[in-house]
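To start, the structure itself, in structure tokens.
Where a number appears in this text, it was derived from the coordinates with a stated rule and is not lab data. Remember, predicted model here, so these are calculated numbers, not experimental data. FYI the Cβ positions are ideal-geometry reconstructions off the backbone, even for glycines, and counts take in every protein chain you see.
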Amino acid sequence: MRFTDEILIGGVWRRGGGELIETRDPATGEVITAIHGADLDDVHQAVESGRRAAAEPGWRDLLPHERARLLVRIAGLIDERAEKLATLQTTDTGKSVNETRALVASAAGTFRYFAAALETLEGARTPPRGQYLSMSVHEPIGVVGAITPWNSPIASDAQKIAPALAAGNAVVLKPAEWTPLVSLALGRLITEAGLPAGLLSVLPGPGRTIGDAVVRHPLVGKVTFTGGTVTGRAIGAAAAEKIMPVSLELGGKSPTIVFPDADLDLTVAGILYGIFSSSGQSCIAGSRVFIHADHYDEVLDRLVRHTEKLRIGPGGDPATQVAPLVTHAHRDRVAAMVDRAREEGARVLCGGRPPEGPEYAAGAYYLPTILDGLSNGSATCQEEIFGPVLVALPFADEEDLVQQANDSVYGLACGIWTRDYRTAWRVARRIEAGTVWINTYKQFSISTPFGGWKQSGTGTEKGREGILAYARQKSLYWGMGEEPLPWAGV
């Protein structure tokens, strides 16, 4: 695989002026490549170039169906290079190749979906209350800052870039410092598809400097961020100073609920997928499982037995189910949180350590772990671990369950397992979360809005309205009366 020390700054591929960033293969710890990230001057140039490019008549006046045609071309190029993009993302993030293939396909589908949504998006003629014709239209914001996470870069990139371009904006993308390679590859592909120069910049670098500079730049009219709640809170504060719209998709500590009548084969498979796929490095991971007390031991036993059979290995092996974590430092953080759980009194039912053997020694591996014996108020049950760690808790009845499930600062997702549609409906409506899955988990559609409640974020992505999140609404009034307005006495 060939890499160059170039980033995309204001439509120009060149070496960044910032720190040297080494990217490492999480399965081996070996350096993949090193690139110079952006510096503050690069941020300024990218934003200024974006402002000019977005104002150019060739882009500003491009009809919606013509912008849609560009998005379709981008989707086609992603499809053509899907295997290379998936392999690159596996190497950079450690994720299993089966998952990265799905993420690449999702990115292509996102561009294609927003092309279709743009073709059919309509303004509104509003009912007049006087001698005028009134209507509502949407116009571009200008420059959008998009800050994306390391756990699913290409899919997250697409979910921000595609609707922002569809709405007529320029985008300054700040990918995660740990995993910039697939975002840069996507940037090359998008420019190759014919996007006018300056409308997209890709600026790897530390969030504390480069991300912060993007957020605070006076010409950035909106920021969309996916990542941790602490960073999201800081971005929200900076946005408030600018009186700037912001979309925040943040952390989670999502409950999964097992009712007594649940289909256990369906349930166990769904719970394991919900927490241990992506090696638990997912904001919507079902990391707290609430099991009815009458079936607690039975369900927990099945979960432990099947967890111990999961295949651990490098992301490039199609047989791998649980791949290494993104970095050794992150693996060590997860391990420290499991050690703290032990101190809180947790029983470690399986996992709780790195796997043994020479094939794992150099990688950032951690065994899928199941804990119990803690109260829902414990730090382990309240704080996001972002690793392959599941905490099991019993519940006695529906009121007890709802109270515990909602006893969290987060409100991102939830899973419910039951054969009773009445129970599913009733509980789903009472759970404080933006997404609820019933008898499934971690399924997504680009056509269905996604967002968090409480400290899991604000605003939504996806869906036809996803384009409007990157636009400003304007009202127009056309006077239709034949007589002058009476106030002036003309």
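Can you list which of the chymotrypsin sites (Phe, Trp or Tyr not before Pro) found in segment 443-490 are DSSP loop residues with at most 15 other C-beta atoms within 10 Å? Working shown, then result.
Details: sites: Phe444, Phe450, Trp453, Tyr470, Tyr477, Trp478, Trp487; in loops: Phe444.
Loop-located and lightly packed - Phe444.
Of all beta bridges that DSSP places with both ends in segment 255-438, some 15 percent have antiparallel geometry.
Using a 10 Å Cβ count of at most 14 others and DSSP loop calls, identify the longest part of the chain lacking such GluC sites (Glu not before Pro). With GluC sites (Glu not before Pro) excluded where exposed in loops, the chain gives 123-307 as its longest stretch.
Across segment 392-465, Cα-Cα distances exceeding 18 Å account for 44% of all pairs. Farthest towards the positive end of the charge dipole of the chain, among the residues Ser183, Ala285, Leu371, is the Cα of Ser183, using unit charges on the Cβ of Lys, Arg, Asp and Glu. Considering only beta bridges that DSSP places wholly inside the chain, some 45 percent are antiparallel.
Fewest Cβ neighbours within 10 Å first, please rank Cys381, Cys350 accordingly. Each step should come with its number before you reach the end.
Details: Cys381 22, Cys350 17.
Ranking Cys381, Cys350 by Cβ neighbours within 10 Å, fewest first, gives Cys350, Cys381.
Rounded to the nearest 500, the helix-only mean residue ellipticity at 222 nm of the chain stands at -11500 deg cm²/dmol, with each DSSP H run of n ≥ 4 adding -39,500 (n - 2.57). Taking the centroid of alpha carbons for each part, segment 90-157 and segment 415-485 are 14 Å apart. When the trypsin sites (Lys or Arg not before Pro) in segment 1-37 are filtered for DSSP coil states and for at most 11 other beta-carbon atoms within 10 Å of their beta-carbon, the remaining sites are Arg2.
Evaluated over the chain, the count of Lys pairs having alpha-carbon atoms less than 17 Å apart is 12 (only pairs 8 or more residues apart or interchain).
In this structure the amide hydrogen of Tyr365, modeled in the peptide plane, comes within under 5 Å of the amide hydrogens of Leu325, none closer than 5 places in sequence on its chain.
When a/c is below 1.5 the answer is rounded, else prolate if a/b is larger than b/c, else oblate, so apply that to segment 176-227 with a ≥ b ≥ c taken from the square roots of the Cα gyration tensor eigenvalues.
Details: a/c = 2.45, a/b = 1.31, b/c = 1.86.
It comes out oblate by the Cα gyration axes.
Go through segment 262-330 and name the trypsin sites (Lys or Arg not before Pro) that are in a DSSP coil and have 15 or fewer other Cβ atoms within 10 Å of their Cβ.
Working: sites: Arg288, Arg302, Arg305, Lys309, Arg311; in loops: Lys309, Arg311.
When the trypsin sites (Lys or Arg not before Pro) of segment 262-330 are filtered for loop state and at most 15 Cβ neighbours within 10 Å, Lys309, Arg311 remain.
As a proxy for reagent exposure, Arg429, Arg472, Arg101 were ordered by neighbouring Cβ count within 10 angstrom, fewest first; the result is Arg429, Arg472, Arg101.
For segment 1-101, rounded, prolate or oblate, judged on the Cα gyration tensor with a ≥ b ≥ c (square roots of eigenvalues), a/c < 1.5 rounded, else prolate if a/b > b/c? Oblate, because a/c is 1.5 or more while a/b does not exceed b/c.
Using the beta-carbon distance between Tyr132 and Leu264 and R0 = 60 Å, what value does 1/(1 + (r/R0)^6) give for FRET efficiency, to the nearest 0.05? Don't skip to the answer; put the middle values down first.
Numbers: r = 63 Å, r/R0 = 1.06.
Calculated value: 0.40.
Scattering from segment 255-438 was approximated by placing one identical point on each alpha carbon and applying the Debye formula without solvent; log10 I(q)/I(0) at 0.11, 0.16 1/Å stands at -0.45, -0.94. Rg then Dmax, both in Å and based on the Cα atoms of the chain: 24.1, 92. Close amide H contacts of Ala471 (hydrogens built in the peptide plane, cut-off under 5 Å, sequence separation of 5 or more or a different chain): none are found. For Val348, no residue whose modelled amide H falls within less than 5 Å of its own remains once neighbours fewer than 5 places apart on the same chain are excluded.
With the Kirkwood sum run over all distinct C-alpha pairs, segment 143-251 has a hydrodynamic radius of 13.7 Å. For segment 336-490, the pair-distance distribution built from all alpha carbon pairs, in bins 5 Å wide starting at 0, is 2, 7, 11, 13, 14, 13, 10, 8, 5, 4, 3, 2, 2, 2, 2, 2, 1, 0, 0 percent.
Between segment 354-370 and segment 285-320, the C-alpha centres lie 17 angstrom from each other.
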